[in-house]
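Each remark here refers to the structure printed beneath this line.
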Amino acid sequence: MKRIQNLRVDYSGKILDLDNINKNPIDEFKKWFKEAQKKNILEPNAMTLSTVSPRGNINSRTVLLKGINNKGFIFYTNYESRKGNDINFNNTVSLVFLWKELEKQIIIKGNAKKISKKDSEKYFQSRPRSSRIAAWASNQSKILSYENELKDRFLEYEEKFRNKEIPLPDFWGGFLVEPKSIEFWIGRKSRMHDRISYTRNQKNWNIQKLYP
């Protein structure tokens, strides 16, 4: 078994040409995301979401991107979860997409805000029935009192909503992350990686190359 310090991969990505990239980073993201989908990467929409707690601790976890529009990136969660409480305290967040098979990474920094209840309702009703029941059953981030408590709560709500429409919980919905900066990274040979940074300047985006 190799020692940790000897674990390394020499990448083979191409240089990012400033003349051939989109002037809007959300459009560039869509281009990269389509490539990830075509390569059949497992859950290309999986992203690491980092938030800041009221005590100043950084909390990170993997969530799924569920929408993109011209304002930013959308995910859904329990608003009373750890991430929901963190965002309520400080809505500055970071999103990281890592597609190792493509030797690419994207880092998004911005502010998260709740989307409309109407839009949350539309997405909630598109979910599988079992997922909608699970949203009601899970006191996300809270401590389980006993081993089968979540299962028991699921069965309880399954019975409650039997043969009924499952309503959107008041404590559940979407967040839109409006980016202030987006960085695109490609791994290259000999650690000569390529990085392009988009930084919002009022209504426009400044585009710069960064040292790896």
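The values are calculated or read from the model by the stated rules, or taken from the named source; none is laboratory data. Treat the numbers as computed from the prediction; the structure is a model and nothing was measured. Here the Cβ is made from the backbone with ideal geometry for all residues, glycine too, and neighbour counts use every protein chain on show.
Which one of these does residue 212 not meet: (1) under 30 Å from residue 10 (Cβ atoms); (2) in a loop (DSSP other than H, G, I, E, B); (3) modelled with pLDDT of 95 or more?
That leaves (3) as the condition not met.
So, in the range 38-70, of the ones that are under 15 Å from the mean Cα position of the chain (by Cα) and part of a loop (DSSP other than H, G, I, E, B), which residue ends up surrounded by the fewest Cβ atoms within 10 Å (Cβ to Cβ)?
Ranking the candidates gives 42 first.
Anything in the range 167-206 that is among the aliphatic types (A, V, I, L, M), buried (at least 18 other Cβ atoms within 10 Å of the Cβ) and either in contact with a strand residue (DSSP E or B) (Cβ under 9 Å, 6 or more places away or on another chain) or more than 21 Å from residue 67 (Cβ to Cβ) (or both)? List them, or say none. Give the derivation first.
Step one: of the range 167-206, the residues among the aliphatic types (A, V, I, L, M) are 168, 176-177, 182, 186, 192, 196.
Subset that is buried (at least 18 other Cβ atoms within 10 Å of the Cβ): 168, 176-177, 182, 186, 196.
176, 177, 182, 186, 196, listed by residue number.
Which members of the range 193-206 meet the condition of being touching a Phe, Trp or Tyr at 6+ places or on another chain (Cβ under 9 Å) and not in a strand (DSSP E or B)?
Quick first cut of the range 193-206, residues touching a Phe, Trp or Tyr at 6+ places or on another chain (Cβ under 9 Å) only: 193-199, 205-206.
Scanning the range 193-206 gives a single hit, 193.
Is there a residue in the range 95-115 that is touching a Leu at 6+ places or on another chain (Cβ under 6 Å), under 30 Å from residue 209 (Cβ atoms) and of a type in the set (Val, Ile, Thr)?
Yes, some residue in the range 95-115 is touching a Leu at 6+ places or on another chain (Cβ under 6 Å), under 30 Å from residue 209 (Cβ atoms) and of a type in the set (Val, Ile, Thr).
Quick one: count up the residues across the range 11-37 that are within 21 Å of residue 199 (Cβ to Cβ) and either in contact with a His (Cβ under 6 Å, 6 or more places away or on another chain) or part of a loop (DSSP other than H, G, I, E, B) (or both).
We begin by selecting, within the range 11-37, every residue within 21 Å of residue 199 (Cβ to Cβ); these are 15-33.
With either in contact with a His (Cβ under 6 Å, 6 or more places away or on another chain) or part of a loop (DSSP other than H, G, I, E, B) (or both) added as a condition, the list becomes 15-17, 21-24.
Qualifying residue count for the region: 7.
Do we find a residue being over 14 Å from the mean Cα position of the chain (by Cα) and assigned to a strand (DSSP E or B) anywhere in the range 71-82? Full working, then the answer.
To start, the set of residues in the range 71-82 that are over 14 Å from the mean Cα position of the chain (by Cα) comprises 71, 78-82.
Right, trim to assigned to a strand (DSSP E or B) and you get 78.
Scanning the range 71-82, I find at least one residue that is over 14 Å from the mean Cα position of the chain (by Cα) and assigned to a strand (DSSP E or B), so the answer is yes.
Restricting attention to the range 140-166, which residues are on the phi < 0 side of the Ramachandran plot, surrounded by 12 or more Cβ atoms within 10 Å (Cβ to Cβ) and assigned to a loop (DSSP other than H, G, I, E, B)?
140, 142, 161, 166
Taking the range 83-101 as the search range and keeping residues that are surrounded by fewer than 17 Cβ atoms within 10 Å (Cβ to Cβ) and more than 13 Å from the chain's Cα centre (by Cα), which one is nearest to residue 138 (Cα to Cα)?
85
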